[in-house]
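As structure tokens, the structure follows; a few thoughts come after it.
The values are calculated or read from the model by the stated rules, or taken from the named source; none is laboratory data. Given the structure is predicted, the values throughout are model-derived calculations rather than measurements. Heads up, the Cβs are rebuilt from the backbone with ideal geometry, glycines too, and the neighbour counts pull from every protein chain shown. Keep in mind that these areas ignore ligands, DNA and RNA; they rest on the heavy atoms of the full protein, side chains included. Shrake-Rupley method; radii C 1.70, N 1.55, O 1.52, S 1.80 Å.
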Amino acid sequence: MLHAPGTIMNYNSGSSHLIGAIIQKVSNQKLHEYAKGKLFHPLGIIESHWHEKQGVSLASDGLKLKIDDMLKIGKLILKNGQKIIPEDWIKTMTTPNLKTYASLGYYGYHIWVDEYQGTPYHYALGYRSEE
């Protein structure tokens with residue numbers, strides 16, 4: 001190891017995929033179906049697609065949503081969960097943990113966190129927009 005655990009962050013898609021596989025195993029349903037029931041449908045997100053590999057949703061980079069639906073997720077975070085996600089989890093996931101790459105800022109829990117001229121902001125960073 002080059003650095004002590006918890007001191008340096010290097011984004012790793014494999015960790016996200018592993019979390020998705022665990023959710024799929026524990027919930028006994030595809031991650032996409034789980035997300036539809038727990039998040040998408042309560043937010044009014046009707047159309048979504050989640051790519052899979054070997055029967056497991058690609059939790060790091062396989063989700064496709066319309067821009068308006070991404071906005072619904074952003075509003076969910078701004079409104080501290082809207083009774084869909086616990087408020088303390090929203091706070092935890094949007095708290096900067098470790099500085100990542102200079103151009104990206106910090107990483108919370110599956111959301112990027114930074115600030116511009118003293119104003120904090122959060123963002124998702126997608127892999128690509130093609131089919």
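Kirkwood Rh over alpha-carbon pairs of the chain, then Stokes-Einstein at 4 °C and 1.567 mPa s: what D in µm² s⁻¹, rounded to an integer?
81
Using a simple charge model, +1 on the beta-carbon of Lys and Arg, -1 on the beta-carbon of Asp and Glu, nothing else, what dipole does the range 1-128 show about its Cα centre, in debye to the nearest 20?
Using only the charged Cβ atoms, the result is roughly 220 debye.
Calculate, for the range 1-108, the solvent-accessible area per residue in square angstrom, rolling a 1.4 angstrom probe over the heavy atoms of the protein chains.
Ligands and nucleic acids excluded, the result is 68 Å² per residue.
Can you list the trypsin sites (Lys or Arg not before Pro) in the range 50-131 that are in a DSSP coil and have 14 or fewer other beta carbons within 10 angstrom?
66, 79, 83, 128
For the chain, modelled as a GNM with alpha-carbon contacts under 10 angstrom, which of 113, 26, 56 fluctuates the most?
Maximum fluctuation in the GNM of the chain, among the listed residues, is at 26.
Hey, any idea what % of the range 8-116's accessible area is carbon plus sulfur with a 1.4 Å probe?
Answer for the range 8-116: carbon and sulfur cover 57 percent of the accessible area.
Contact order normalised by length for the chain, with contacts defined as Cα pairs under 8 Å and 6 or more residues apart; what percent is it?
18
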